[in-house]
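Here's the structure we're looking at; comments come further down.
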Amino acid sequence: MEPPHRHLRGRPQPLRRSRCVHHPGLDHLHRGGRGVTRKRELLITLSGGFLCLFFLGGFALTILPMDEATYADKVFPLLQGNLPGDELERNFEAVKTLSTWFAITLLVVLCLIALASFFLKGNRNPVRAGTILIVAGGATLIGTQLVAFPLAFLFFLAAALCFFRKQQNKKGVIHA
């Protein structure tokens, strides 16, 4: 019985020239034609990540190292219009807990953004990136108790673009 790769026996195969100019050997990652570069999705994703870092990280870095005396002098007078004066300790603990949630949420969202950006770069797997971005948006909503819904909207928008933007092959046929 002949081996299934009979045509390969005894003859060295010529090296194929890769069509990818930027990354030789990674031609299999490119899907024929001009394609979609996914720059919009990447820009929206990184913008959402930067805004999360600025707002959630800024709040966490401001509140977490603060002691109760500083909180009573600087922050609590701003909130005192709505709160009775004897609520200082409970309010301080609630704000500390919220800032801890923001910090944990920020770490989770930044990890998810890094993973989604990996799949978006070079158009590796936009559907998987979209799924990860939906999870990042949900984590932003849940972790901030719906406070950061504009930031989560950016992740949902980038995910929608990942799912619904089509790419064309060499012949102009649209693929999902």
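How far, in nm, would the chain grow between residue 62 and residue 87 when pulled straight, counting 0.36 nm per residue and subtracting the alpha carbon separation?
Result: 6.9 nm gained on full extension.
What is the gain in length, in nm to one decimal, between residue 131 and residue 37 on full extension, counting 0.36 nm per residue of separation less the C-alpha to C-alpha distance?
32.0 nm
Efficiency by 1/(1 + (r/R0)^6): what FRET value for residue 124 and residue 51, r their Cβ-Cβ distance, R0 = 35 Å, to the nearest 0.05?
0.90
Which whole-number percent of Cα pairs in the stretch 37-170 have a distance greater than 23 Å?
Above the 23 Å cut-off, the stretch 37-170 has 43 percent of its Cα pairs.
Using r as the Cβ-Cβ distance of residue 163 and residue 97, and R0 as 35 Å, what FRET efficiency do you calculate, to the nearest 0.05?
0.50
Read-outs throughout are calculated quantities, based only on the coordinates presented, and are distinct from any laboratory measurement. All values reported here derive from a predicted model rather than from experimental measurement. Neighbour counts are summed over all protein chains in view; Cβ atoms, including those assigned to glycine, are modelled from backbone coordinates with ideal geometry.
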